[in-house]
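Remarks on the structure that follows.
The values are calculated or read from the model by the stated rules, or taken from the named source; none is laboratory data. Keep in mind that this is a model prediction, so the values were computed, not measured. Cβ coordinates were reconstructed from backbone atoms using ideal geometry, including for glycine residues, and neighbour counts include every protein chain displayed. The area values use the complete protein model at the heavy-atom level, side chains included, leaving out ligands, DNA and RNA. Shrake-Rupley method; radii C 1.70, N 1.55, O 1.52, S 1.80 Å.
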Amino acid sequence: QVQLVESGGGLVQTGVSLRLSCAASGRAFSSYAMGWFRQNPGKEREFVAAISRFGNSINYADSVKGRFTISRDNAKNMAYLQMNSLKPEDTAVYYCAARFYLIDTIPADFGSWGQGTQVTVSS
C-alpha cells in the first residue's frame, strides 16, 4: 500500500486557480496509477481526473476538462491537480487516490486514499 497526503486546498473566488498536491510514501510510487476525486456531503464520491503510472494516459471528467490538469513527478513521489477557472460547483473535499498498476476512474477500484483537502469556491 502507498500512503497519501493531500495539500493545497483553500477558500478562493470564482475564476482563480489552485494547485493541489499529493505526497506519496511507501511502496514504489511508479507502480500506481493516480486519481483525484471529490465529494460533497450527502453525495457520492465523484471522479475528477486520473493519470497512468508514467503519465502517458490521462482521463478527465467532462465537468473539468479544459480547466483542470493532472500531473505527476515519479522522482518526487508527487501527484498534482492544477485547477484553473474555478467555479462554485467545484466546491468539494478533494481526495488523492492510488490504484495499483492500471489507470481507472471508479473510486472502488482505488486501494489507497488520502485524508482529503477542502476546496471552496465563492461566487
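Filter region 9-19 down to the residues that are surrounded by fewer than 16 Cβ atoms within 10 Å (Cβ to Cβ) and within 15 Å of GLN118 (Cα to Cα), then identify the one that is nearest to the chain's Cα centre (by Cα).
ARG19
Taken as a whole, the structure places ARG99 among residues that are in a strand (DSSP E or B), charged (D, E, K, R) and touching an Asp or Glu at 6+ places or on another chain (Cβ under 7 Å). Of all residues in region 33-58, those satisfying the criterion of being closer than 15 Å to ALA98 by Cβ and within 13 Å of the chain's Cα centre (by Cα) are ALA33, MET34, GLY35, TRP36, PHE37, ARG45, PHE47, VAL48, ALA49, ALA50, ILE51, SER52.
Before we move on, is THR69 over 21 Å from VAL2 (Cα atoms), open to solvent by less than 40 Å² (accessible area, probe 1.4 Å), at pLDDT 95 or above and among the polar types (S, T, N, Q)?
No.
One residue stands out among those in region 20-31 that are within 14 Å of the chain's Cα centre (by Cα) and open to solvent by 10 Å² or more (accessible area, probe 1.4 Å): the one that is nearest to TYR101 (Cα to Cα), which is ALA24.
For (1) at pLDDT 95 or above; (2) surrounded by 20 or more Cβ atoms within 10 Å (Cβ to Cβ); (3) over 20 Å from GLN3 (Cβ atoms); (4) touching a Pro at 6+ places or on another chain (Cβ under 8 Å), each residue gets a yes or a no:
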| site | (1), (2), (3), (4) |
| --- | --- |
| LYS43 | yes, no, yes, no |
| ILE51 | yes, yes, no, no |
| PHE54 | yes, no, yes, no |
| ALA61 | yes, no, yes, no |
| ASN77 | yes, no, no, no |
| THR91 | yes, no, yes, no |
| GLN115 | yes, no, no, no |
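Exactly one residue among ARG38, ARG72 is of a type outside the set (A, V, I, L, M, F, W, C), under 17 Å from GLY10 (Cβ atoms) and touching a strand residue (DSSP E or B) at 6+ places or on another chain (Cβ under 6 Å), and that residue is ARG38.
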